[in-house]
Amino acid sequence: MAADGVEKALTVRELIEDSGLGLTAVTGGTGLGRVVKDIHFSDAVDPVPYLSGESVLVVTGRNFAGDDEAGLRLLDRIATIDTAALGIAMGHYIDVVSPRLVEHAQRLHLPIFAITSTPVRTLFSYVYHALASGDLHRLRRTVAMQNDLLDLLIADAPVDELLAKVASLVSLPILLLDGTGTPVGHAGTRDPLRLAQRAWTAWTAATPSAAPMGFVEDDEGRFICREVVLYGKVERLLVTLAAPTASTEFADTALSFLQRLVSLDLLRRRDEIVATQRMRQRLLRELVAGTSTAEELTGWVAEHGLDLRQLWRLAICEIQRPAGTPRRQMTELEDALAEAVGTFFGDRLIPFLSRPGRRSISLLLPDGSSAVAAGSARDLLLVLKGFVAGEPYRVALTVGASAAHDDPLAGPRALQEATDAAAAAARGVDAHGLVLFEALSGRFRLLGGQSEEALADIARRTIAPLIEYDRRRHGQLVETLRVWLDHHWAIQPTAEALYVHRNTLQKRLRRIETLLGMDLQDPDDIVELYLGLRATQLLGEDAVVRRAPG
């Protein structure tokens, strides 16, 4: 503030010499007294349509790197609208400003300064603050905008209302894109798909060095973009179509603040989603364990829109990847599968429970309800397979599904049925990689008609000692036996499936032989163990242990 109370205007000299930003005047003392009233970033061949008078233009030099003639044309063009100065972000496309450009700028009385170590965003923030400090109206407008947006967020307003508020404040269209460029929200535009395609194409084509302030351009206009990043991944992209001639300061401020609110909203909703996923996993685990009463299971699952006294199925979806696939890649596929399943059923408003596992996910879905028409379980699962295999997930599956049940206590039996069906699907029994339990031959369904007492006797003589050992020692002998049988007694594929060394696997198998007094080379013993394991899966481990003597 000047002594006479008149606001002191920001000049090029103050920006270069007094700001502490480490800027360098390439043209010496030329034009340092010029007043700065705005600042813009543009690498367009002709940026004049986007500039207002007495503005600082910031560029990376992309269009005149190694081409002095293009640089001279740019200087002549911006000089016609009394541009305050030209700032060049060094190190992106050029390292030294050509002497010809320096001489020509001096003749035009147009200052050029180099931006070396200072982030361009810091330069913009300095200019915006300097200009805003001389304009209380602008400051009040910004604070009012932030308060309005905070009130909407506190009121749990949907993101579309936040977008609409900002669009009305800046009188510009606003888009919210997901990590693939698909619009998930918009305001102020009648053609969001076309605008989204333009913005996404321009954004993905621009390198970080070419757009240090989040400005990107195409042949039709310029966009201001802000990435919403969660856990290192771009989850959303906020976009506004910048006005050709008006200042972008308020729009930039509004978009930056909106960026933070969208991040908070995503984090909050992600926490809600994670809590729901954990509850679904717990309920499905309770269902297949067989440890809860029918009334308890029915009540719990009803809260998620499912009626266990109506027909339902349990499905196991297994990821198809070659043996030896790195664990990190498998983890990415498992995460993609869980996300795809949630999106698939959520978009179709079909209630479900899910429980991710190693290389797979288990699903409980209605069969023959108002959500899924009778007899359509196979069709629905085929559509799910196609959805998961498509973009952006690209996960190949085989699927096995249990028979249809209407008994809340049929969880263990349904798990065994789905496991057998999934094994048949993985072996290529069905050309589509999808097998329903009722389509299996009789040998897979042998135990399904046995009484609980008969099943318990089979399990007691075989698997019960392994269950008790695992519970005392926190071991994995039952799981090891199951995987070993599923892989037809092959050591290396079993070790890879369990993520253990083959020596560790062989020690576990010897421990199984010792505990059970059986020979894992004897076909009769192997068949008995197979039947015992299947009986255990039908009854549930807790039921087997309760029935075991002693």
Quick one: which residues, 5+ away or cross-chain, put their amide H under 5 Å from the amide H of Val395? H built at 1.01 Å from N.
-> Ala389, Gly390
Asp82/Arg321 FRET efficiency (R0 60 Å; Cβ-Cβ; nearest 0.05) = 0.45
Pop out the ³J(HN,Hα) list for the stretch 492-497 in order, Karplus 6.51 cos²θ - 1.76 cosθ + 1.60 with θ = phi - 60°, rounded to Hz; leave Gly and Pro as x.
-> 5, x, 5, 4, 5, 5
Estimated vicinal HN-Hα couplings, Hz - the stretch 47-53 in sequence order (Karplus 6.51, -1.76, 1.60; Gly, Pro = x) | x, 4, x, 9, 9, 10, x
Label model pair His109, Ala9: point-to-point distance (7 angstrom along the Cα→beta-carbon line) in nm is 1.3 nm
Sites Glu528 and His488 - FRET efficiency at Förster radius 22 Å, r taken between beta-carbons, to 0.05 | 0.85
Global form of the stretch 12-132, assessed from the alpha-carbon gyration tensor, a/c cut-off 1.5 | rounded
With a sphere of radius 10 Å drawn around the Cβ of Val262, what net charge do the other residues whose Cβ falls strictly inside it have (Lys, Arg +1; Asp, Glu -1)?
-> +1
Quickly work out the Tyr499-to-Thr180 label distance, labels modelled 7 Å from Cα along the C-beta direction, and quote it in nm with one decimal.
-> 2.7 nm
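What FRET efficiency do you get for Ala70 and Leu267 if R0 is 56 Å and r is their Cβ-Cβ distance, rounded to the nearest 0.05?
0.80
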HN-Hα couplings for the stretch 310-320 via Karplus (6.51, -1.76, 1.60; θ = phi - 60°), in whole Hz with x for Gly/Pro, come out as 9, 5, 8, 9, 10, 10, 10, 9, 10, 6, 9
With 0.36 nm assigned to each residue of separation and the Cα-Cα distance removed, Arg472 to Glu161 gains 106.4 nm
Please list the non-local residues whose amide H lies under 5 Å from the amide H of Arg222, H modeled 1.01 Å from N, same-chain partners needing a gap of 5 or more.
-> Ala242
Shape of the stretch 484-525, Cα gyration tensor, a/c cut at 1.5 | oblate
Of the peptides 289-296, 410-417, 301-308, how do they stack up when ordered by the mean number of other Cβ atoms within 10 Å, highest first?
-> 410-417, 301-308, 289-296
Expected unfolding gain across Gln310-Arg510 under the 0.36 nm per residue rule, minus the alpha-carbon gap, is 67.5 nm
Could you give the length gained on full extension between Asp218 and Asp95, defined as 0.36 nm per residue of separation minus the Cα-Cα distance, in nm?
-> 41.7 nm
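Every number here is computed from the coordinates shown, using simple stated rules; none is lab data. These numbers come from a predicted model, not from an experiment. Methodologically, a virtual Cβ is constructed for each residue, glycine included, from the backbone with ideal geometry; neighbour enumeration extends over all protein chains shown.
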